Amino acid sequence: MPRDAHGREIDYLRISLTDRCNLRCTYCMPTQGERFGPSEALLDATEIARVVEAAIAVGFRRIRFTGGEPTLRADLVDIVARIARVPGVVDLAMTTNGMRLPELAAPLAAAGLRRVNVHLDALDPTRLRRVMRRGILAEIWAGIEAAEAAGLQPVKLNTVVVRGINEEDVLPLAALTLERPWQVRFIETMPLGTGEAARVARAGLVPTSVLRERIVAALGPLHAVASPHPSDEARLFRLPAARGLVGFISPVSDPYCASCNRMRLTADGRLHLCLLRDDELDLRAPLRRGAAREEIAEILLRAVQHKPLGHGLGTGEFPQRQQMFQIGG
């Protein structure tokens, strides 16, 4: 697998399928004034497959689809089927808000998707609407159950904790792992962009250390569990006698840049070198002029070599001007 200039093995490609979303989470997307790319700018299924084939050829092994909200792509099942057929893909996953999974989970599993991460910021319907705005708890929960029934396991729930909005939901969400074999992962807010969402993220940061203390005080000790992938961003723990795991993703208070193994491909075909920086290399233009797999692979390797060591958050520098939905999580 390819190594970057800092010696990290890079084998995980996150592919954004769209910058559009059916929600407007407070820390991610504004309620008005959004700027979405034109549909013709998005990579199509054939172009995405060509990128994945080149990535696998140089040593990438894990693929995840993100957005925006990837289930808004009308050709999502076709994209999944194409990528699942590429020899060498050892893990094919998707991050979603789950609201369209009741009708899509079974077709996606049949097409070759292996597992999903579902975004769920609260178990209280009112608080969920405050933080996820257009989110409806019953619909997201139905999506989680549909994913589990379709065999898209282990189910992972991603919760972004925002000070003063959904902190009360941390304990009941963590308690889900007592009875269910799920991972519930608490994520610190990340100040991407320069608008309303970035302001919410900065003001709403709840450090992981605070969440851990609350969970231990209410539910018992957290015992560390080794991740099956040492470069994964989540630090995993198990509550006493729990079936599932509690995870913490701490990009601000405990950065994991030194072990980062990810590259990101935006929906409009740009290799984004770090989630929290603006550095990018264009892949769409070479794809659309018919570049051979070798040329696409060379651009991928060049992007790996230019991947920065860290994101700059710890210095108070916030170099990222794009919003999360424009990049892909």
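The values are calculated or read from the model by the stated rules, or taken from the named source; none is laboratory data. Computed from a prediction, not measured in an experiment: that's the story for all the values here. Neighbour counts are summed over all protein chains in view; Cβ atoms, including those assigned to glycine, are modelled from backbone coordinates with ideal geometry. Ligands, DNA and RNA are excluded from the accessible area calculation, which covers all protein heavy atoms including side chains. Shrake-Rupley method; radii C 1.70, N 1.55, O 1.52, S 1.80 Å.
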| field | Electrostatic dipole magnitude of the stretch 141-245 [Cβ: Lys, Arg +1; Asp, Glu -1; Cα centre; debye, to 20] | value | 220
| query | Helix 293-305: angle to the longest alpha-carbon principal axis of the chain, degrees 0 to 90, nearest 10? | reply | 50
| message | For the chain, what does the relative contact order come out to in percent, with C-alpha contacts under 8 Å and a separation of six or more? | response | 22
| request: Give the carbon-plus-sulfur fraction of the accessible surface of the chain in %, rounded to a whole number; probe 1.4 Å, heavy atoms of protein chains only. | output: 52
| Part-to-part distance (alpha-carbon centres) for the stretch 242-262 and the stretch 137-184, which is given in Å | 17
| field | For the stretch 265-277, 3J(HN,Hα) per residue [Karplus equation, 6.51 cos²θ - 1.76 cosθ + 1.60, θ = phi - 60°, Hz, x = Gly/Pro] | value | 10, 6, 4, 9, x, 10, 7, 9, 7, 8, 3, 9, 9
| remark: Taking placed amide H atoms and a strict 5 Å upper bound, the residues 5 or more places from PHE36 or on another chain that come that close are none
| query | For the chain, can you list the cysteines whose C-beta has no other cysteine C-beta under 4.7 Å from it? | reply | CYS21, CYS257, CYS260, CYS274
| task | Read phi for every residue in the stretch 278-284 and hand back ³J(HN,Hα) as whole Hz from Karplus 6.51 cos²θ - 1.76 cosθ + 1.60, θ = phi - 60°, with x for Gly and Pro. | result | 9, 5, 8, 10, 7, 10, 5
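Pairs of alpha-carbon atoms within less than 8 angstrom and 6+ residues apart define the contacts here; what relative contact order does the stretch 151-217 have, in percent? Provide the component values of the computation, followed by the final result.
Values: 80 pairs, mean separation 24.4, N = 67.
Worked out over the stretch 151-217, it gives 36 percent.
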| message | Just the number please: accessible area per residue for the stretch 1-123, 1.4 Å probe, all protein chains included, in Å². | response | 35
